[in-house]
Structures are given as C-alpha cells and as structure tokens.
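One structure below.
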Amino acid sequence: MFIVHVYVHVKPEFLEAFEKATVDNSVNSVKEPGVARFDVVRQQDDPARFVLVEVYRGAEAVAAHKETAHYARWRDTVAPMMAEPRVAVKYWNVCPTDQDW
C-alpha cells in the first residue's frame, strides 16, 4: 500500500465550501480501482485544519488519481481556500492489518 497524508489549513470563511468540495473528491476517489481508502478528517481543536488520508494500491494509482476529472475539479476549486500551501507526506504500510500474523 502507498499512503499519503495531505495536510490542509483552510481560511475560516471557506470551511464549509472546502469540506463540501473535499467530500465530493473523496466519494469519487474511492470509486477508482487503485484507491483503497480516502478519508477526510478535521482537527477537533482547530477546525480550519484537515488531513486527507489517501491509501492507494500502488504508486501508479497515485498518478492515475491525479489524472481524474474529480481531482482536477477539487484542486482548482480549493486552491484559493487554503491559508497556506497544502503539504503531502508519503508513507508505506509496514504492518498490514488485513493479514494473519
């Protein structure tokens, strides 16, 4: 698995619009064959901060995701809503929970 955490800080006046656009992107992303999960989480003590937890079946699925219409729509819609540039941190799974040990 190829995992990406995208950290986003949203301008306060765009919180509702950002959440709506991001949930739309998430719902469409999980329909992609290479996407295992696509969670949108919001920080409890600072509701202007979100993390997108994206789990892909491989690095090639990340590239395929960035070619979709829903990703382009999300990217272009939310860009002016961000208080600062988003940050993506990439991980790989070292202990899959779906296997018997």
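Every number in this text was worked out from the coordinates using simple rules, so none of it is lab data. Because the structure is predicted, anything quoted here is derived from the model rather than measured. Cβ placement follows ideal geometry from the backbone for every residue including glycine, while neighbour counts extend to all protein chains displayed.
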### Task
Just need log10 I(q)/I(0) for the chain at q = 0.12, 0.21 Å⁻¹, Debye formula, equal scatterers on the alpha-carbon atoms, no solvent, rounded to two decimals.
-0.40, -1.10
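So if I place +1 on the C-beta of Lys and Arg and -1 on the C-beta of Asp and Glu, and nothing else carries charge, what would the dipole magnitude of the stretch 2-92 be about its Cα centre? I want it in debye, nearest 20.
Numbers: 12 positive and 13 negative charges, 42 e Å.
It works out to roughly 200 debye.
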### Cα gyration tensor shape for the stretch 1-40, rounded if a/c is under 1.5, else prolate or oblate
oblate
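Mind checking the stretch 15-101 for trypsin sites (Lys or Arg not before Pro) that DSSP puts in a loop (not H, G, I, E or B) and that have at most 10 other Cβ atoms within 10 Å?
Details: sites: LYS20, LYS31, ARG37, ARG42, ARG49, ARG57, LYS66, ARG73, ARG75, ARG86, LYS90; in loops: LYS31, ARG57, LYS66, ARG86.
Answer by residue number: LYS31, LYS66.
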### Summary
Exposure proxy check on THR22, THR77: fewest-to-most Cβ neighbours within 10 Å is THR77, THR22
### Query
Can you list the lysines whose alpha carbon sits under 22 Å from that of LYS11, skipping same-chain ones fewer than 8 residues off?
LYS20
### Task
For every helix of n ≥ 4 consecutive DSSP H residues, a contribution of -39,500 (n - 2.57) applies; sum these over the chain, divide by its total residues, and give [θ] at 222 nm rounded to the nearest 500 deg cm²/dmol.
-9500 deg cm²/dmol
## Note on the structure
The exposure ranking of TRP74, TRP92, fewest beta-carbon neighbours within 10 Å first, is TRP92, TRP74
### Message
Test of understanding: extend the Cα→C-beta vector of THR77 to 7 Å, then name every residue of the stretch 17-52 with backbone N under 11 Å from that spot.
### Response
17-28
